[in-house]
Structures are given as C-alpha cells and as structure tokens.
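Have a look at the structure below, then the notes.
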Amino acid sequence: MKRITIDPITRLEGHGKIEIFLDDQGDVANAYLQIPELRGFEKFCEGRPAEEMPRITPRICGVCPGAHHIAATKAIDGVFNVDPPPVAKKLRELFYNAHFIHSHIAHFYALAAPDFVLGPDADPAERNILGVVAKVGVEIGSEVIKHRAYAQQIQAMIGGKATHAVSGLPGGMSKALSEDERRDIEAKGESFIKFAQFSLQIFEDVVLKNKAYLDLILGDVYYMKTYYMGLVDEQNRVNIYDGKVRVVDPEGKEYAKFYGLDYLNYISEHVEPWSYLKFPFLKEKGWKGFVDGKESGIYRVGPLARLNAAEGMSTPLAQAAYEKMYLTIGMKPVHHTLANHWARLIELLNASERVLELSLDPEITDPNTRNLPQGIPKEGVGIVEAPRGTLFHHYQTGPDGLLTKVNIIVATTNNNAAITMSVQRAAQKLIKKGDVTEGLLNMVEMAFRAYDPCFGCATHSLSGQMPITAKIFDHKGSLWQKLSRD
Amino acid sequence: MADKLKFAFYWNASCGGCEVAVLDINEKILDVAAIADILLWPVAVDFKKHHIEVLPDKHIDVSFMNGGIRTSEQKEMAELLRRKSKTIVAFGACAYLGGIPSLANFHNREAIFQRAYIETPSTDNPGGVFPQVKTHVPEGEVELPLFFNHVYRLDQVIPVDYFLPGCPPTPAMVAAAVTAIADGNLPPAGTVFGGPSTVCDSCKRVKQEKKVKGFHRIHEIIPDPERCMLEQGIVCAGSATRDGCGTRCLNANMPCRGCFGPADGVADQGAKLLSTLSTVVDSNDLREIEKMIDQIVDPAGYLYRFGTASSLLKHKLASEEKSAHPATGRSQLEVAK
C-alpha cells in the first residue's frame, strides 16, 4: 500500500501531519490527520487558586487568548457563586467583541483571502498576504493592519494587555473604562462597521461573482452533513459571550439546548492512539467512527456552525447579511465547509455593530466594576464562543477555592473529527489512480483552512501558506515520488 | 538583495502569542520585510523544513525561536536551526524560562496523560487508550513525536545567544531587538533584552515601607490603584522581576506575576520574591507568621508562574528524569540533551 505523508501541514502550537494511504488501484484507502502536541493544562492547573485561571489559561492559545480569558472568568463567577455588576458583563462583552474583530480580520485577510484573491492554483510564492496586498493595493493593506490594531488597542484598554489580558475577576473586572477611552472606542466602532461592510463587498466582488469560486464553495469536495453547535440568546440569535448552547441536526431541527454543567450530558470525547487531540461527539449518538450524517454524533462549531445553529443575528446590518447568505445558497443549514469564510465576515460585521452599541451604553463607564464574592467556592462552568467555535472551561475546587479538577474542551477539539473527515474527503475526491499533482496540496489545505483551525492558532493570523512536502513511498518503504510546493 | 539579512522565525511548545507580538509591531512589519529575507516562518512564509536542511551551516543570520521544548520533534527543529544559524534569540517567556506550560514540570507524562485521556469527565475511553509514538493502523503504521516527561527551556537543549523576555514581549521590545540586529549594534552574547531594573522600580504606585498583617487573594479585596500592591497584602512579583513591560498589569490594577523573569543579579526569581514577602510580614510571633504564610495558597504558582523550568527546584525535578522511557529505553535527560 502506498502512503503520502504531508508533514507539517500546519500547526497546533506545533505540527499537524496528514498520512494518506493509497490502495492497489492508487485510490485513497484512508487518511489520518495527526496532532502531535499536548501541554497538559488540565493537570498542571490542579492546586492553583481558581481566581488565577483567567491569567493562566490564555496561554492555551495566544491568538485567541481573549476567549480563554473570558471563559475562565465566567467559570470562576460560577466557582465563587458571584454575579458581576451589569457594567462588568458589558465590559467583558465589549472586550470580547474587539477580540473577535482582531481574530476574524487576521484570518480572512491573511489566510483565506490569498486562495480567492489570487486563486487556489496561483503561484505559491505569491499566494500569501503580501501577494494579496500587491494585488489589491497598499491602501487596503494598511486599512487591514489599522483595524486589527484598533481591535488590539481596545482589548488592551479593557484587559490591561491585548494578548493575555489580566482584568477578569470572579464577580467583575479589575478596571473601569474612562470617558476618554469610551469616546475612542466609539470612533473605532464606527470605523469597524465601515470596514466590515467593505470586507463583505470584497467577498461578494471577488468570490461570489466568480463562477469558478462559487462552484468550488457549492461543490461536493468540501461538503459534509453534520450537527452544528453554537451559543444563542433567548431569541436564538448568535451570542458569542453568553447564552445557551444550541445544537441543530443536519436538517436544521433543534436537537439540544443546554446550559453550564449540563454539557456533560451532551458531549463525550473519544481517544485515538495516533493523535494527541481527542475527538468529541454527541454523547447520546455515541462514537460511530469518522462518518457524517444524522446517525453519527459528529458535530461542527465555528462561524458557519454558529449561524446554522441560530435563527438570526443580534444587530440589524449583520442580520441583513445573514439573510442574504442563506437566500443565496438556498438552504439551511449550509453544509458547505468553505461558506465558513462568508459566515466569518458576517460575524465581523456583527461584532463591529456590538462594539459601537456597547460603547454608547450609558452604563459602560460605571466605576463600580466588581462585586466581591461571599459564598463558599465549589464548581463553575464557563462557556463562550471562541472565534473558532464553542469553548468549555469546567472547574471544581475545594472550599478553599483551590482547583481540584479542571476540564477544558477547546473549539478546534470540537471540530477535530470533522476536520479529519474533511481532509479525508478532499483527498478521496482529488487523488485517483495514484495521480498526485502539486495542485492537490493546496486543495487539501483548503479543506482544513476553512475551519480556521487552532492547530493554526497563529497560522491563521498571517499566512495563506503552510509548508507542505508530500513524500509518496511504495509498500517497501522506498521513496516513490516527492512533491513540494516552492 | 545580497546585503539583506536572513531571518528565521519558529515556534515550539508555545501558544502563538509571540507570533501575534510580531504582528503587533503593525506597519513596521513591512520594514522587517525590507531589511531581511525570511527563510522560515511557518505562520507567514512557504518555506519548509527541507529547505532549511539543505542550507549551509550558519547560513541564517538570526533565528527567533519561541516556546519551550516539550516533544522530540521540537528538539529536532531547535537543533536544526542552531546548526543553520549564526545567532539564536530565545523569544518570549516560554523559550527563555519555560513559561506557563512548564508548570507541568510538577507532574510527569503519566500523570498528564492520565488526566487528559482517562479522568476528565467528558472523556469516553473504555479501552484506556493513550496516544502512542507508533500506532499500527489497518493500512500501515503512523507515528507521533515523543512527549517528554518535562518542559525544557530552549537553552537547556541548544546554546542560545540572546533572550527576549515577556509573555508576550512588548511590540516596542520586538522592534528594538530587530533594530539592534539590523544596525549590527548587538550587545554581548547572553544579554537579556528588556529593562535594566525591576518592575517595582518602574511602578508608579506609592510605596510607604508598610508591613502587612496578612495576605489577600486578588478576588478578596479591591486594591487602591494608587498604592503598592504588596503593601496592601497582595502577592506581587514586581520586586523580583525585570522591568521593560510598562507595568501593564499594575496599570490595570492587577499584581505582577513575573512574566519578564528575574531581574539582573537575581539568581532565582521565586527565591527573591519569597525573601521580599518575608520583609513585609508584620510580626515576630512564629505562629502568627506561619498563619500568614499559609495565606499564600499556591507558592509554586506565585513564585514560578513563568519559570518552573528555570527554578532551583529543577534539581528535584531532574532526579525523576533518570527513569528510562519505555519507548526509547533511554533516560529523559539523555533524550532531551
């Protein structure tokens, strides 16, 4: 049996590796996406004071540290059984929407755009952010840099630091927002909205008006019918900071809606010996292996999953964009993985509108940002939507507030099985009779890039390029063919 | 073109925050592209490991590496870049000191695996499966890198020329380091970029040489933003920690946790902090002092938050490394060194 090794494909704070096995006809027999890293936060956080977790867990991911900061802060509200004052919740949400803006801008322009602005089979040497800037012009490039920097500045104002914020406490936030800062954020919020609308226009002009790209999005290489998960508010609209977790089935029917500690009734994680990353699935459906459909428990999270699992957006401009996407594609849920790029920009607009709304909230500069906890610490679950999908932090402590047990399920872990299957499917559709071309490599890359996987936690932040070498060995292990993208 | 510098950026057991720190120099990133060819930066540039392997030794001017060393694969990449580079910069707290992931050094691989793959309440693993270095699947064999027992600092694995502290380093420091390199204005090898003094020295809060009757955890009181944290009874690592950070955490009314590592002349950051803590204790009564010390509930996590791989405790930790690893039959230290 022949084997194609793609190593490294990308990184999860380390490497990702794909092994593709070809049968005697040269068709794909199976493919494995391996994640070769683990850091053991769930173990080494034991014994730590629970209130320190918002300053420890962001180091799980330095590109989405804001997600871990906020999930941990919500979890310790639960541990210490304290409800923050309204202004603290609003400050967290404002911080967190700015965080989404930073992450979504970086992903769309630096990682996704090169495939579409330059094309999936463009010269790989140019198929990156610099190539995009060269094609669209330095002016647009500097708008991208400027707005991502704005988003970082807002996080630093509220969180103390843009990367690895420090201000979250059980029952509140350590620092209030000044009127000068508020005015600054208001101006940035207005600018974000224009920039997000401009980004959606670019997507429409470059991608949707190009039949080849539309066919790629709506074709069967990047298609999979799964369950979808996301946080929603009382009206089932997307909410990244708070709410209930809603799961819809592949037909879009509500399958589950749960809150907090109940996550253990709905989610289980499967272990494979060939990856350090676990494979979550819907507990009641059971682990059926790497198969899609209604009988399999595999679900997806992230921008498209959030929109699929919800019934609308919380802000008017984003709602209009949401309606346009489902009208254009003509189905809901959308099972086309590449539509994640579209959904991500709709969320960019939603987050921009929320930043402006919150900056105009008369309460946002209230100096009383903390309630001191009074109860005996015990247990808490913090759930947020990370830019890449649903994130769970679950802590248990003794009465001293020192952690006895920690369980964390991160966004890309939720997507692990689905990403593996997307890669398998792309490989199976693209590799026939042992015919492996260089163009295959970017097409396989596009299968996982749409998820903005956190095994590209920083990969998603600048690059359209991942270093790829494919070596094909014969069954005796000798090198048969070597492909690389220069 | 011939005069351009040659840079490489790489990451090991880190979070990606150091990559974002590079992005956060914003438009200056274009200046970096103007002075240097980037021969490896998996986040941004499409060069691969095999491109590096074929380069002559010492071909790269400077490699910036972030993250500690947790797996065999990371160790191989560090060794490869050391061979190919004139200068290695340990970038950020994890490469410099081990960082937060080195808090795992209080546990071994078995305990970490047991928690991650067996105990966690959402895990469904009736067969007790653990990830394996080699796995036989129906179609053949697939491999994973070896997960070491402990996290190592970069300079415990390869010689390192310069250190850039911080979690993450500030954009100003990144820009300053790159400028120094571009101008050929490099300090002596072994230099730690960053401030010359301590966070305490840079901190604008009022210090009154006050002693405390007890220690508080950060959620227990609302500290006065104008007064020294420590003098309000909150453990703050400012006295033991190098400055250069801009006291970002203290400005947000939170204590320093020491991410810049020990200040110059401080051999062990945790020991230094402990000695500072002892000087603010307002008591001569042994029992009262003991009670106050008990209020410091997580000494390891306060004293060595970012530097467990660097602490003097490592001598205790290293003794555990003598046990042979089942997959290799070699001791962990031997594998890592």
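For B:D155, only one of the following conditions fails: (1) of a type in the set (D, E); (2) outside the structural domain of B:C94 (by TED's automatic domain parsing); (3) under 22 Å from the mean Cα position of the chain (by Cα). What is its number?
(2)
Looking only at the stretch A:273-285, count every residue that is at the interface with chain B (Cβ under 8 Å from one of its Cβ atoms), in a loop (DSSP other than H, G, I, E, B), closer than 23 Å to B:P145 by Cα and touching a Ser or Thr at 6+ places or on another chain (Cβ under 8 Å) and tell me the total.
The number of residues fulfilling the criteria is 3.
Out of (1) more than 14 Å from every other protein chain (Cβ to nearest Cβ); (2) under 27 Å from A:I154 (Cβ atoms), what's the single condition that is false for A:L391?
The number of the failed condition is (1).
What is the residue count in the stretch B:206-235 for residues that are small (G, A, S) and either in contact with a helix residue (DSSP H, G or I) (Cβ under 7 Å, 6 or more places away or on another chain) or modelled with pLDDT under 95 (or both)?
Number of matching residues: 1.
Given the options A:V63, A:V87, A:V79, A:V132, name the one that is out of contact with any His (no Cβ under 9 Å at 6 or more places or on another chain), closer than 25 Å to A:I346 by Cα and not acidic (D, E).
Numbers: A:V63 fails: out of contact with any His (no Cβ under 9 Å at 6 or more places or on another chain); A:V87 fails: closer than 25 Å to A:I346 by Cα; A:V79 fails: closer than 25 Å to A:I346 by Cα.
The match here is A:V132.
If a residue has to be in contact with a strand residue (DSSP E or B) (Cβ under 7 Å, 6 or more places away or on another chain) and either more than 7 Å from chain A (Cβ to nearest Cβ) or among the charged types (D, E, K, R) (or both) to count, how many in the stretch B:117-136 make the cut?
Adding up the residues that qualify gives 3.
Out of curiosity, is B:C236 within 14 Å of chain A (Cβ to nearest Cβ) and out of contact with any Pro (no Cβ under 9 Å at 6 or more places or on another chain)?
no
Could you please find all residues in the stretch A:370-400 being surrounded by fewer than 24 Cβ atoms within 10 Å (Cβ to Cβ) and assigned to a loop (DSSP other than H, G, I, E, B)?
Once the filter is applied, which keeps residues that are surrounded by fewer than 24 Cβ atoms within 10 Å (Cβ to Cβ) and assigned to a loop (DSSP other than H, G, I, E, B), the stretch A:370-400 yields A:N371, A:L372, A:P373, A:Q374, A:G375, A:I376, A:K378, A:G398, A:P399, A:D400.
Every residue in the stretch A:350-383 that is more than 21 Å from A:L231 (Cβ to Cβ) and among the β-branched types (V, I, T), please.
A:I364, A:T365, A:T369, A:I376
Among the candidates A:P85, A:P58, A:P49, A:P54, which residue alone is at the interface with another protein chain (Cβ under 8 Å from one of its Cβ atoms), more than 19 Å from A:Y263 (Cβ to Cβ) and either surrounded by 24 or more Cβ atoms within 10 Å (Cβ to Cβ) or touching a Ser or Thr at 6+ places or on another chain (Cβ under 8 Å) (or both)?
Answer to the check: A:P58.
Could you count how many residues in the stretch B:82-92 are within 17 Å of B:A176 (Cα to Cα) and assigned to a helix (DSSP H, G or I)?
Residues that pass the stated criteria total 0.
Would a scan of the stretch B:23-45 turn up a residue that is in the same structural domain as B:A172 (by TED's automatic domain parsing), part of a loop (DSSP other than H, G, I, E, B), at pLDDT 90 or above and more than 24 Å from the chain's Cα centre (by Cα)?
The answer is no, given that none of the residues of the stretch B:23-45 is in the same structural domain as B:A172 (by TED's automatic domain parsing), part of a loop (DSSP other than H, G, I, E, B), at pLDDT 90 or above and more than 24 Å from the chain's Cα centre (by Cα).
I want to confirm something. Restricting to the stretch B:105-116 and keeping residues that are touching a residue at least 40 places away in the same chain (Cβ under 8 Å) and assigned to a helix (DSSP H, G or I), which single residue is nearest to the other protein chains (Cβ to nearest Cβ)?
B:F106
Starting from the stretch B:1-25, take each residue that is farther than 24 Å from B:L146 by Cα and among the small types (G, A, S) and list its partners that are crowded, with 24+ Cβ neighbours inside 10 Å and at pLDDT below 85, counting only C-beta distances under 7 angstrom and pairs at least six apart or across chains.
B:A8/B:L40
Which residues, taken from the stretch A:170-199, are more than 16 Å from A:Q155 (Cβ to Cβ), within 14 Å of another protein chain (Cβ to nearest Cβ) and either among the β-branched types (V, I, T) or touching a Phe, Trp or Tyr at 6+ places or on another chain (Cβ under 9 Å) (or both)?
Answer for the stretch A:170-199, where residues must be more than 16 Å from A:Q155 (Cβ to Cβ), within 14 Å of another protein chain (Cβ to nearest Cβ) and either among the β-branched types (V, I, T) or touching a Phe, Trp or Tyr at 6+ places or on another chain (Cβ under 9 Å) (or both): A:P170, A:G171.
The values are calculated or read from the model by the stated rules, or taken from the named source; none is laboratory data. Bear in mind that the values here come from a model prediction, so they are computed numbers and not experimental data. Methodologically, a virtual Cβ is constructed for each residue, glycine included, from the backbone with ideal geometry; neighbour enumeration extends over all protein chains shown.
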